[in-house]
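One structure is given here, and the rest of the page talks about it.
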Ligand code: SF4
């Protein structure tokens, strides 16, 4: 109900993809029309899901299932380098799983985040793909609304997130069949019902993508024990009181009494016109209107 503006801002940018999908033996679908190919892809995906009890799997078996099930290069772990994302990088690298690793660089990240990315690449001998926003879209947004539009309203903050995060993520998703995220149920009330597996539609098409949240049921204590016991690198901002790390103005440290995501867009915390849970999501994990 609060996302009608997405259509308003983006009606000149709606995707009309004609690319064929790729899942399992989908190459043959390239010769047929896209809608038929999407349907065939979705049927195969549904078949995979029918025979797997993904909700009952722990994180590593679920990562292994994903790399066993989908073609090489079609599974991506997209992370902002918070605890759960880094823990899964560790698990996958130690187990030799053939995942792609990616991150969204909004061009607004903390300097510590860029340095941590390189540290992880060195430690695990991996390449992390960096997705950035479209320069023209960023320039157009700034020309129209200013550099700091996210202070002005929840709508403009979500628009900024859409240009800098959601759209680069959508571009990434056009290249995969399985998207792995570090969402956890204990991060906020809004995330309390996070499933370990769900399907999302590729924006602009009917193609379904499997989204896995392998650490959805990990609590903070288990996570911190795992990080400590395996000597896994920690994002340096955790030691400065951050519990959720995003862009450098829009994420701030939190007190022990606050929700993990209370430091996100803190200036909206006292605005009682805004749903306090919706106020803490950037749109990356909320389905958009599709066409
Ligand atoms: S977190 Fe802030 S700066 Fe980053 S994309 Fe969202 S509104 Fe823009």
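The values are calculated or read from the model by the stated rules, or taken from the named source; none is laboratory data. This is a predicted model, so every value here is computed, not measured. Note that we place each Cβ from the backbone using ideal geometry, even for glycine, and neighbour counts take in every protein chain shown.
Summary of values
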quantity	calculated
Filter result (assigned to a loop (DSSP other than H, G, I, E, B) and over 22 Å from residue 86 (Cα atoms)) within the range 194-209	202, 203, 204, 205, 206, 207
Lone qualifier among 159, 203 - being within 30 Å of residue 38 (Cβ to Cβ) and away from the ligand (no atom under 16 Å from the Cβ)	203
Counted residues, the range 133-149 - those being closer than 17 Å to residue 168 by Cβ and surrounded by 14 or more Cβ atoms within 10 Å (Cβ to Cβ)	6
Residue satisfying condition, being free of Cβ contacts under 8 Å to residues at least 40 places away in the same chain, within 18 Å of the chain's Cα centre (by Cα) and within 16 Å of the ligand (Cβ to nearest atom), within set 132, 171	132
Residue in the range 153-161 that is more than 14 Å from the chain's Cα centre (by Cα) and not in a helix (DSSP H, G or I) present	yes
In the range 101-112, residue farthest from the ligand (Cβ to nearest atom) [restricted to those that are crowded, with 20+ Cβ neighbours inside 10 Å and not in a loop (DSSP other than H, G, I, E, B)]	101
Unique residue being under 22 Å from residue 105 (Cβ atoms), more than 16 Å from the ligand (Cβ to nearest atom) and touching a residue at least 40 places away in the same chain (Cβ under 8 Å) when the list is 214, 233	233
Subset of the range 253-274 (residues that are in contact with a helix residue (DSSP H, G or I) (Cβ under 8 Å, 6 or more places away or on another chain), within 16 Å of the ligand (Cβ to nearest atom) and under 19 Å from residue 220 (Cβ atoms))	253, 260, 261, 262, 264
Where residue 126 falls short, out of the listed (1) assigned to a helix (DSSP H, G or I); (2) more than 16 Å from the ligand (Cβ to nearest atom); (3) in contact with a helix residue (DSSP H, G or I) (Cβ under 8 Å, 6 or more places away or on another chain)	(1)
Residue in the range 81-93 that is within 16 Å of the ligand (Cβ to nearest atom), crowded, with 22+ Cβ neighbours inside 10 Å and in contact (Cβ under 8 Å) with a residue 24 or more places away in the chain present	yes
Residue in the range 27-36 that is touching a residue at least 12 places away in the same chain (Cβ under 8 Å) and surrounded by 22 or more Cβ atoms within 10 Å (Cβ to Cβ) present	no
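Every residue, every condition in (1) at pLDDT 95 or above; (2) more than 18 Å from the chain's Cα centre (by Cα), yes or no:
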{"residue": "144", "(1), (2)": "yes, yes"}
{"residue": "148", "(1), (2)": "yes, yes"}
{"residue": "184", "(1), (2)": "no, no"}
{"residue": "187", "(1), (2)": "no, no"}
{"residue": "206", "(1), (2)": "no, yes"}
{"residue": "214", "(1), (2)": "yes, no"}
{"residue": "233", "(1), (2)": "yes, yes"}
